[in-house]
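The values are calculated or read from the model by the stated rules, or taken from the named source; none is laboratory data. Predicted model only: the values in this text are computed from it and were never measured. Here the Cβ is made from the backbone with ideal geometry for all residues, glycine too, and neighbour counts use every protein chain on show. Remember, those area values only see protein heavy atoms, side chains included, never the ligands or the DNA or RNA. Shrake-Rupley method; radii C 1.70, N 1.55, O 1.52, S 1.80 Å.
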Amino acid sequence: MKSIVNTKNAPGAIGPYSQAVCANNMLFLSGQLPINKDTGLIPETIDEQTRQSLSNARVIIESAGATMRDVVKTTVFLSDMNNFGKMNDVYKEFFAENYPARSAVEVARLPKDALVEIEMIVIY
């Protein structure tokens, strides 16, 4: 059985997909772009964009009744791998010890020309 997670406290999907899907105590978050839900704008720097993407993800996770401590896997998509260090510095602010598994890949382009997009898998 699956259920759709949709909260107005995070930016809505920009296409035919859900913010997240819950199935068997697992939560699968779609890639979170760094869109500010109030303004619809994307910040300029990789630091600000990473923080916004992770904040959006946290809101969705919490709306499903889980926490960032329940994240078991993340995938970070970067438009430029030279931004990895700055992204990583902000990423550490959102996770305590016992970090989730993670992949980070450079892609040719992200939706809305974002610098970063982050998806997650949560077990709770």
*Against the longest principal axis of the chain, how steep is helix 46-63, in degrees 0 to 90 to the nearest 10, with axes from Cα atoms?*
0 degrees
*asked:* Looking at the chain as a GNM with Cα springs under 10 Å, which of Val59, Val107, Val71 has the largest mean-square fluctuation?
replied: Val107
_³J(HN,Hα), Karplus 6.51/-1.76/1.60, whole Hz, each residue of segment 8-16, x for Gly, Pro_ = 7, 7, 9, x, x, 4, 9, x, x
*Just subtract the alpha-carbon distance of Leu41 and Ser3 from 0.36 nm times their residue separation and send over the number in nm, one decimal.*
10.8 nm
*If you plug each phi of segment 103-109 into the Karplus form 6.51 cos²θ - 1.76 cosθ + 1.60 with θ = phi - 60°, what whole-Hz ³J(HN,Hα) values come out, in order, with x for Gly and Pro?*
10, 9, 9, 8, 10, 5, 6
*Once label points are set 7 Å from the Cα along Cα→Cβ at both Ala23 and Glu97, what is their separation, rounded to one decimal in nm?*
3.5 nm
*What residues have an amide H closer than 5 Å to that of Glu106, excluding those fewer than 5 places away on the same chain, when H is modeled at 1.01 Å from N in the peptide plane?*
Leu78
*Would you grab the residues whose amide H sits under 5 Å from the one on Val72? Only those 5+ places off in sequence or on another chain, please, with H modelled 1.01 Å from N.*
Ile121, Val122, Ile123
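Checking a compactness column here: for the chain, what do you get for Rg(Cα) / (2.2 N^0.38 Å), N being the number of residues?
Values: Rg = 13.5 Å, N = 124, 2.2 N^0.38 = 13.7 Å.
Working it through for the chain, the quotient is 0.98.
Percent of accessible area on the chain owned by carbon and sulfur, 1.4 Å probe? Mind dumping the intermediate values first?
Details: 3350 of 6880 Å².
C and S fraction of accessible area: 49 percent.
Compute the accessible area per residue over segment 32-95, keeping the other protein chains in place, probe 1.4 Å, unit Å². Intermediate values should be presented prior to the final figure.
Working: 3040 Å² over 64 residues.
About 47 Å² of surface per residue is accessible.
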_Please list, ordered by chain and number, the residues whose modelled amide H lies under 5 Å from the amide H of Ala20; skip anything fewer than 5 residues away on the same chain._
Val5, Ser30
*Roughly how many Å is it from the Cα centre of segment 98-124 to that of segment 1-22, as a whole number?*
16 Å
*Derived scalar couplings ³J(HN,Hα) [segment 78-88; Karplus, 6.51 cos²θ - 1.76 cosθ + 1.60; whole Hz; x for Gly, Pro]*: 10, 7, 8, 5, 5, 8, 4, x, 5, 4, 4
